[in-house]
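The values are calculated or read from the model by the stated rules, or taken from the named source; none is laboratory data. Small disclaimer: the values here were computed from a predicted structure and weren't measured. Counting neighbours? That spans all protein chains shown, and the Cβs are built from the backbone with ideal geometry, glycine included. Please note that ligands, DNA and RNA were not included when accessible areas were found on the heavy atoms of the full protein model with its side chains. Shrake-Rupley method; radii C 1.70, N 1.55, O 1.52, S 1.80 Å.
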Amino acid sequence: MATTPSPKSPENDKSKRYDRQLRLWGERGQMALESSHVCLIHANSVGTEILKSLVLPGIRAFTIIDENKVTEDDFDSNFFLCIDGSLGQSRAKIASQLLMEMNNDVKKGDYVEENFETLLDQNEKYFTSFTLVIACGIDNERSLNKLSQALWTLNVPLLLVKSIGFLGYIRLQIREQQILEPHPDNYLEDLRLDMLFPELKEFLDEFPDFKTLTRHELSRIPALVVIYKNLIKWQTKFGKNSNDIPKNYREKSQLSSLIKEEIEFLKEKITNSQNVIHTNEENGDALALGTIELENFEEAIKMINKVFINSNRISENLQTLLNEATEPVRQCSSSFWVMLAALKIFIEKYHCLPLKGSIPDMNCGSELYVKLQKIYKNKAQQDVDKMLKIIQKLPKTPNVVVSEKEVQLLCRNAPYLTVIRTNPIYNELTGDRLKKFSSRLQNGTDEEGSEFDELRFYLLMRIADRFYSKQNRLPGQHDDEIENDVSEMKREFRELCTDLGFNIFIKDELVHEICRYGGCELHSISAFIGGCAAHEAIKLITGQYVPINNTFVYNGLNCTTMTYKL
């Protein structure tokens, strides 16, 4: 009798559909995406590329604000508008319809056929409903500054993106981005070999002298046990205390040598204890039973550089955050700062960070690995419980709720917690940070391919906005005025340098490069910049990974990128 297949679970279908991205930011990150509402100002080429890369991973909703109509110029650079009958139609409407077709999980795709400045004038708080505002193709400096100042006041994150010819930039404006899950590229395993807790010490001491074990028993020992046993030998041989660990290359090499010596000793012991089982057919010589491989011991040598960290080590960045957490205003403002205040008390009381609770993969017996894994997980949960008790006693506003899941995340990522704060865009061209970079520009080289060319290009793209606010057109927009526009752009650049108090050299070819496009976008460049901007948007929405701080510039002429903190 044929059986009827059970109906598929929507959650299982979603997990399969988003499998790859779930491996990057997990269920928590996906939930953040699925509850987000993104606003896009202007559905130009780079704008639709960004929104496409947010629609596909499954944001909840988006709204496009664009008063422009589809023109033939859009057909040249924007694939999302190239459909029959779209010419002369609302750019926001056409882009919204096509983007909604890309993912049925997106609940809402709105469009507003108005200028964003009109919306700001009518109701400035309109933008508070958005998780993130992405602004593209704003050519007027006054309009940009107006938007920047309004969103800064409303505390709404702004991602400014522009693509001109072979050039482009991404500029982030956000008051504070708290990152509980920074996903560092490189990290050390926190295994507490310098502060053994009772359960771990009991487990490690259970293992007898390796000399008494068989080949099979030796192969099942976790590499951590091998390191621990030889660590004791190292401490005894070199007159160290019981809590001392190797801290530099020389000391780690000493420990590594002890393990290598033990490997040779055990191989010789096992080989000598084996019987001859066959002879060489060519000359009749006796052969021993194969080559002895102790992979777990070799693994222990490789792990030495990753497992020895001081449990009481606090990075400079984390210490700065801990100091800020004691300020009454911050301590009560959000769950993040409440947890950091609790973390500081935890460190002062227990003289270490909470245990992460994970261990690296090891070649060993599965039952021993699972037992060791449980020991670390149980200890990590004990530290979470201690943090929760501290949090209960801390002052906090009624609307601040700290969940156990958040505390677990903080404990797991405590050494790498990060907070990003940027300067607002509206006063960037007069800010102190730009003055510092300007001094480097003045003192830097002016050779072709200089690392400062990207910053010069960024300043020129921002000056092009100033040009537009005065001329009501982009530099180079009319072929017969390119030379005049180049002269005007150079004059504006000199004025900016005078305001900053520096005399910065600008090469003619850089100014010509800005003017020769007339503000036009190249789709391939817009696609690249749009993809990069979408990555930054996902970081902001999920609260995971560290976003740029704060300006990313792409130079397609040399295929180079630079990041500046302006």
Subset of segment 230-260 [in a helix (DSSP H, G or I), closer than 27 Å to K374 by Cα and free of Cβ contacts under 8 Å to residues at least 24 places away in the same chain]:
I232
Determine if segment 57-74 includes at least one residue that is among the acidic types (D, E), free of Cβ contacts under 8 Å to residues at least 60 places away in the same chain and part of a helix (DSSP H, G or I).
yes
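Taking the stated definitions as given, is L388 in a helix (DSSP H, G or I) and either touching a residue at least 60 places away in the same chain (Cβ under 8 Å) or touching a Pro at 6+ places or on another chain (Cβ under 7 Å) (or both)? Even if it seems obvious, please write down each step before you answer.
Working: in a helix (DSSP H, G or I): yes; either touching a residue at least 60 places away in the same chain (Cβ under 8 Å) or touching a Pro at 6+ places or on another chain (Cβ under 7 Å) (or both): no.
Spelling it out, it is not the case that L388 is in a helix (DSSP H, G or I) and either touching a residue at least 60 places away in the same chain (Cβ under 8 Å) or touching a Pro at 6+ places or on another chain (Cβ under 7 Å) (or both).
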Looking only at segment 209-229, which residues are at pLDDT below 90, open to solvent by less than 70 Å² (accessible area, probe 1.4 Å) and part of a loop (DSSP other than H, G, I, E, B)?
L213
Just a yes or no: is a residue in segment 170-181 closer than 30 Å to A534 by Cβ and free of Cβ contacts under 8 Å to residues at least 40 places away in the same chain?
no
Counted residues, segment 440-461 - those being modelled with pLDDT of 65 or more and in contact with a Lys or Arg (Cβ under 9 Å, 6 or more places away or on another chain)
7
Suppose the filter is open to solvent by 60 Å² or more (accessible area, probe 1.4 Å), hydroxyl-bearing (S, T, Y) and free of Cβ contacts under 8 Å to residues at least 40 places away in the same chain; does Y426 pass it?
no
Taking segment 21-48 and the residues there that are under 15 Å from N103 (Cβ atoms) and either aromatic (F, W, Y) or part of a helix (DSSP H, G or I) (or both), the one that is most open to solvent (accessible area, probe 1.4 Å) would be Q21
Condition first: in contact with a strand residue (DSSP E or B) (Cβ under 7 Å, 6 or more places away or on another chain), on the phi > 0 side of the Ramachandran plot and in contact (Cβ under 8 Å) with a residue 24 or more places away in the chain. Can you find one or more residues in segment 489-501 that meet it?
no
List the pairs whose first member sits in segment 325-341 and is farther than 17 Å from K386 by Cβ, whose second member is outside any helix (DSSP H, G or I) and modelled with pLDDT of 90 or more, and whose Cβ atoms are under 6 Å apart, counting only residues at least 6 apart or on separate chains?
F336/Q178
